[in-house]
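S.K.: Quick one: structure below, then a few questions.
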Amino acid sequence: MAGTLRLVLGDQVTPTLSALHGLDPARDVVLLAEVMGECTYVPHHRQKIALVFSAMRHFAAALASRGVRVDYVSLDDPSNTGSLAGEVARAVARHRPLRVVATHPGEWRVRCDLLAAGVELLADDRFLCDLDWFRRWAAGRKQLRMEFFYREMRRATGLLMAGKAPAGGEWNFDAANRKRLPSGVTPPSPRRYPPDAITQEVLALVATHFPDGFGSLDGFAWPVTPEQAEMALADFIAHRLPSFGDYQDAMASGQPFLFHSLLSTSLNLGLLSPAVCCAAAEQAWREGRAPLNAVEGFIRQILGWREYVRGLYWLRMPDYAATNALGATRPLPAFYWSGETPMACLASAISQTRDHAYAHHIQRLMVTGNFALLAGLDPVAVNAWYLAVYADAFEWVELPNTHGMALFADGGVMASKPYAASGAYINRMSDHCRDCAYDVRESVGPSACPFNALYWDFIARHAARFRDNPRMAMPLRNLDRMDPARLSALRAQAAAFLDSPAVAAGSP
Ligand code: FAD
Ligand code: DLZ
Ligand code: SF4
């Protein structure tokens, strides 16, 4: 008979995890289970499955080397039930523990499954903001806004503070962070981690079980241990952080990573702590190795956005996922899976997603997200897509970003206005339009950029809803001034495009 059975989930590979607090190596057992149900609830990118399994196997090996009793169930174990609850039940029968504990999972669905299986859930303390603190902060506020939350977090942690004031006199340097990548600038390649023996075994397992799964397994190079994640952080701080701010919103053909950190997988799996990332960036600024606009921009993503979306997810679930404020119902076009579209910006974002299980924020928000918003794609299908295709996607972080920020499906809980943009925005921030089959300067006609007509169709379709939103005043003023014949032509163009084979529905 064991003391405590301690379940560790695939995104909980953290040595200091709450589920491991007070572990007694003589009596306790740690359970990790690779299960088919978690691989198939959305059609995950194959690199994501491999990443989770490899990190789990490395973690299990590290625990075992410290003398911990680890019960590891692999995907091809013939007795594997295929579900986390099933594996908990089997492990209970094997070890007859006094109690079963786990750290609170990052998805509502898994939380329900584990509670139903009798697992005691412990708070996840791997974040900078405690969920009770977030609830208290949110209570009584008419509107929740990340910027105010972020300022509180800066004060609470002391990060980038000069006494009671923000370092540099401003809380937010976003206005300085909107540069296009100048031609001839090649960002330094991020350090990557070729598969070791454990990862190679996992890649073979995934290739066997998911031969037709979405995404390429070639070029898998994600950090899978805390040591590799720390090296990835050091590499980012030394080589890309200094330009992170300037080119944070830029997009460039053939440059999937630009000056981004690629740290989201390590953070979300728990290989790296958000506090360590923020401290390393602040230190780089204090030692003159990176400018303030870059460091503040990076810290805001982690201390601000990342903590804010988590707070919002747990505050609003489960109702949050069921909202559809803009009444969007169109099925997901096949090109979201194949990448086959003459729209160069979308083709680029989706093909690199297939290759790397990665796209940076502006591609997710202003290319695939913007198209989904303007075209009125069904939020359930879009959320499932984002949850499937990115290696860093876990619902607590994916859902508010997609449902709230990109799709405005929550009616403005997450964002103060929809992030809707025409082709002009994509042209300003990228070089994609140069090589596109469509002409970004045209809005009507066979070669017109589809984003232009879709944008005006979206504004006109939802004009009544947006009238009382001051942040939408400008596009609505432009709509009101538009020649009615021009608006009709734009709306007819949008309708014809949405009915064309170019946006026919499809699955992976
Ligand atoms: P960097 O640009 O280097 O940013 C540094 C870190 O800040 C990231 O590693 C990440 O941990 C954090 N961060 C940045 N922006 C956000 C944000 N909006 N919300 C939360 N954390 C943020 N991020 C995920 O981790 N998982 C997701 O499933 C996810 N889905 C998204 C879906 C949509 C529609 C959008 C618009 C954004 C989504 N994001 C998601 C946020 C962001 O796009 C990714 O965190 C980022 O692209 C990861 O790449 P990076 O590590 O190079 O980030
Ligand atoms: C994403 C994922 C995958 C692909 N596989 C597993 C698995 O086999 N076992 C596991 O414990 N977790 C897996 N995960 C992560 C879960 O789907 C889910 O996102 C987390 O448990 C939420 O905390
Ligand atoms: Fe995208 Fe339009 Fe530019 Fe083509 S022209 S790359 S569709 S924004």
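S.K.: With a 10 Å radius around each residue's Cβ, average the other Cβ atoms per peptide and rank 17-26, 230-239, 188-197, highest first. Mind dumping the intermediate values first?
M.R.: Values: 17-26: 15.9, 230-239: 18.4, 188-197: 13.8.
Ranking the peptides 17-26, 230-239, 188-197 by packing returns 230-239, 17-26, 188-197.
S.K.: Could you check what % of the DSSP bridge pairs in the chain are antiparallel, to the nearest 5? Mind dumping the intermediate values first?
M.R.: Working: 3 of 19 bridges.
Looking only at bridges with both residues in the chain, the antiparallel portion is about 15 percent.
S.K.: Net charge within 12 Å of Gly304 by Cβ-Cβ distance, Lys/Arg positive one each and Asp/Glu negative one each, not counting Gly304 itself? Can you show the working numbers first?
M.R.: Details: positive: Arg145, Arg151, Arg154, Arg300, Arg306, Arg310; negative: Glu147, Glu152, Asp174, Glu296, Glu307.
With Lys, Arg at +1 and Asp, Glu at -1, the neighbours total +1.
S.K.: A further question follows. Among the lysines, which have Cα under 29 Å from the Cα of Lys179 when same-chain residues fewer than 8 positions away are ignored?
M.R.: Within the straight-line limit of under 29 Å, Lys179 reaches these lysines: Lys417.
S.K.: Let me make sure I get this right: for region 335-503, a, b and c are the square roots of the gyration tensor eigenvalues over alpha carbons, sorted descending. Under 1.5 in a/c it's rounded, otherwise prolate if a/b > b/c, else oblate. Which is it?
M.R.: On the way: a/c = 1.91, a/b = 1.21, b/c = 1.58.
It comes out oblate by the Cα gyration axes.
S.K.: Calculate what fraction, in whole %, of the accessible area of the chain sits on carbon and sulfur atoms when a 1.4 Å probe is rolled over the protein chains. Let's see the in-between values first.
M.R.: Working: 10830 of 20180 Å².
Roughly 54 percent of what the probe reaches on the chain is carbon or sulfur.
S.K.: On average, how much accessible surface per residue is there in region 4-122, in Å², for a 1.4 Å probe, leaving out ligands, DNA and RNA?
M.R.: For region 4-122, the solvent-accessible area averages 37 Å² per residue.
S.K.: Suppose R0 equals 51 Å. What FRET efficiency, 1/(1 + (r/R0)^6) with r the Cβ-Cβ distance, do Val276 and Glu340 give to the nearest 0.05? Each step should come with its number before you reach the end.
M.R.: Details: r = 41 Å, r/R0 = 0.80.
About 0.80, to the nearest 0.05.
S.K.: Over region 335-503, give the accessible area per residue in Å² for a 1.4 Å probe, as an integer. Mind dumping the intermediate values first?
M.R.: Values: 6050 Å² over 169 residues.
Value returned for region 335-503: 36 Å² of accessible area per residue.
S.K.: With +1 on each Lys and Arg Cβ and -1 on each Asp and Glu Cβ, and nothing else charged, work out how big the dipole of region 88-211 is about its Cα centre, in Debye to the nearest 20.
M.R.: My answer is approximately 340 debye.
S.K.: How many angstrom lie between the C-alpha centres of region 98-150 and region 268-285?
M.R.: 21 Å
S.K.: Treat the chain as a sphere of radius equal to its Kirkwood radius over Cα pairs and apply Stokes-Einstein at 25 °C in a medium of 0.890 mPa s; give the translational diffusion coefficient in µm²/s, rounded to a whole number.
M.R.: Details: Rh = 24.1 Å.
So the translational diffusion coefficient is about 102 µm²/s.
S.K.: Hey, if you drop one equal point scatterer on each alpha-carbon of region 4-122 and run the Debye formula without solvent, what base-10 log of I(q)/I(0) do you get at q = 0.17 Å⁻¹?
M.R.: -0.81
S.K.: Starting with the highest mean, order 390-398, 169-177, 264-272, 213-221 by the number of other Cβ atoms within 10 Å, averaged over the residues of each peptide.
M.R.: The densest-packed peptide leads the list: 264-272, 390-398, 213-221, 169-177.
The values are calculated or read from the model by the stated rules, or taken from the named source; none is laboratory data. No experiment lies behind these values; they were computed from the predicted model shown. For neighbour counting, all protein chains shown are included, and Cβ atoms are generated from backbone atoms with ideal geometry for every residue, glycine included. The protein model used for the area step is the full one, side chains on, heavy atoms only, and it has no ligands, DNA or RNA in it. Shrake-Rupley method; radii C 1.70, N 1.55, O 1.52, S 1.80 Å.
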